[in-house]
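The values are calculated or read from the model by the stated rules, or taken from the named source; none is laboratory data. Bear in mind the structure is a predicted one, so any value in this text is a computation, not a measurement. Every residue, glycine as well, gets a Cβ built from its backbone with ideal geometry; the counts of neighbours run over all protein chains shown. The area values use the complete protein model at the heavy-atom level, side chains included, leaving out ligands, DNA and RNA. Shrake-Rupley method; radii C 1.70, N 1.55, O 1.52, S 1.80 Å.
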Amino acid sequence: MGAPLVPIDVEPETGRWMTDSLPMLYVPVHFFVNNHLAIEKELGVERYAKLLYDAGYTSAWAWCEHEAEVHQLEGSAVFEHYMNRLSQRGWGRFEVLDMDLASATASVAVWHSVFHRPDASGVRTGDYMFTGWFAGAMDQILAKSGRDDRTRAEQVFHEGQTEAPYGLFRVHPI
């Protein structure tokens, strides 16, 4: 991938990083992941996953709405752009395996997730953080096209689970 492919502007007065007029943070992975694990330990995986799902859903919706307008995108191009930007910003490598807006479904593969840090049993992953992102993106696209139906995203398996080379997520109608 090389150097960042996303445009990064720095406000001289504040030092704030911006991409497509949205404020961004640049933090070490260990800082972010250690915070993630500390909150997960305190709240428990189930509760934390629910909170992240809802927050991620809302954030993905807003991001897709903004980026669609900035880049004049619509439909599946918005979803593809989102997966590309997530990949470019270091969350992992995201690939849309299939997407059908008519049926409101999609499958997304994630390689090298920033959260893929297996524990001693080899099964620990925090990839569940991504699920709300996929549904929020899909639902923003559906709403923009005038549809009221909504979706849910679920992690089918994570990278390394049953020797899977990537994590798999599916989006489907509720």
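Has the stretch 61-75 got any residue that is closer than 20 Å to V110 by Cβ, small (G, A, S) and under 19 Å from the mean Cα position of the chain (by Cα)? Within the stretch 61-75, not a single residue is closer than 20 Å to V110 by Cβ, small (G, A, S) and under 19 Å from the mean Cα position of the chain (by Cα).
Scanning the stretch 57-80 for residues that are free of Cβ contacts under 8 Å to residues at least 24 places away in the same chain and within 16 Å of V96 (Cα to Cα) yields A77, E80.
Taking each residue of the stretch 99-114 that is more than 15 Å from D139 (Cα to Cα) and open to solvent by 50 Å² or more (accessible area, probe 1.4 Å) and looking for partners that are modelled with pLDDT of 95 or more and of a type in the set (F, W, Y) with beta-carbon atoms closer than 6 Å, six or more apart or interchain, yields nothing.
Can you tell me which residue is modelled with the lowest pLDDT among those in the stretch 119-145 that are open to solvent by 60 Å² or more (accessible area, probe 1.4 Å) and not aliphatic (A, V, I, L, M)? Steps first, answer last, please.
Taking the stretch 119-145 as the starting set, the residues that turn out to be open to solvent by 60 Å² or more (accessible area, probe 1.4 Å) are 119-121, 123, 144-145.
Those left that are additionally not aliphatic (A, V, I, L, M): 119, 121, 144-145.
Numbers: D119: 62, S121: 58, K144: 97, S145: 97.
For the stretch 119-145, the residue satisfying everything is S121.
Mind checking whether some residue in the stretch 70-83 is open to solvent by 60 Å² or more (accessible area, probe 1.4 Å), closer than 19 Å to Y128 by Cβ and out of contact with any Ser or Thr (no Cβ under 8 Å at 6 or more places or on another chain)? Taking every residue of the stretch 70-83 in turn, none turns out to be open to solvent by 60 Å² or more (accessible area, probe 1.4 Å), closer than 19 Å to Y128 by Cβ and out of contact with any Ser or Thr (no Cβ under 8 Å at 6 or more places or on another chain).
Has the stretch 3-13 got any residue that is farther than 14 Å from Q140 by Cβ, open to solvent by less than 50 Å² (accessible area, probe 1.4 Å) and part of a loop (DSSP other than H, G, I, E, B)? Yes - at least one qualifying residue is present in the stretch 3-13. Right, E163: open to solvent by 60 Å² or more (accessible area, probe 1.4 Å), at pLDDT below 95 and either of a type in the set (S, T, N, Q) or under 25 Å from V33 (Cα atoms) (or both) or not? Judged against the criteria, E163 is a match. I want to confirm something. Restricting to the stretch 14-26 and keeping residues that are open to solvent by 50 Å² or more (accessible area, probe 1.4 Å) and either in a loop (DSSP other than H, G, I, E, B) or hydroxyl-bearing (S, T, Y) (or both), which single residue is modelled with the highest pLDDT? Checking each candidate, the answer is R16. Cβ-Cβ distances below 8 Å connect the following pairs, each with a first residue in the stretch 82-93 that is closer than 15 Å to F32 by Cα, a second residue that is hydrophobic (A, V, I, L, M, F, W, C) and open to solvent by 50 Å² or more (accessible area, probe 1.4 Å), and a separation of six or more residues or different chains: G90/V29; G92/W111.
Summed over the stretch 37-55, residues that are of a type outside the set (D, E, K, R) and either in a loop (DSSP other than H, G, I, E, B) or farther than 21 Å from M83 by Cα (or both) total 8.
Of everything in the stretch 82-100, what is of a type in the set (A, V, I, L, M, F, W, C) and in contact with a helix residue (DSSP H, G or I) (Cβ under 8 Å, 6 or more places away or on another chain)? Give them in sequence order.
Let us first name the residues in the stretch 82-100 that are of a type in the set (A, V, I, L, M, F, W, C), namely 83, 86, 91, 94, 96-97, 99.
Listed by number, the residues that qualify are L86, W91, F94, V96, M99.
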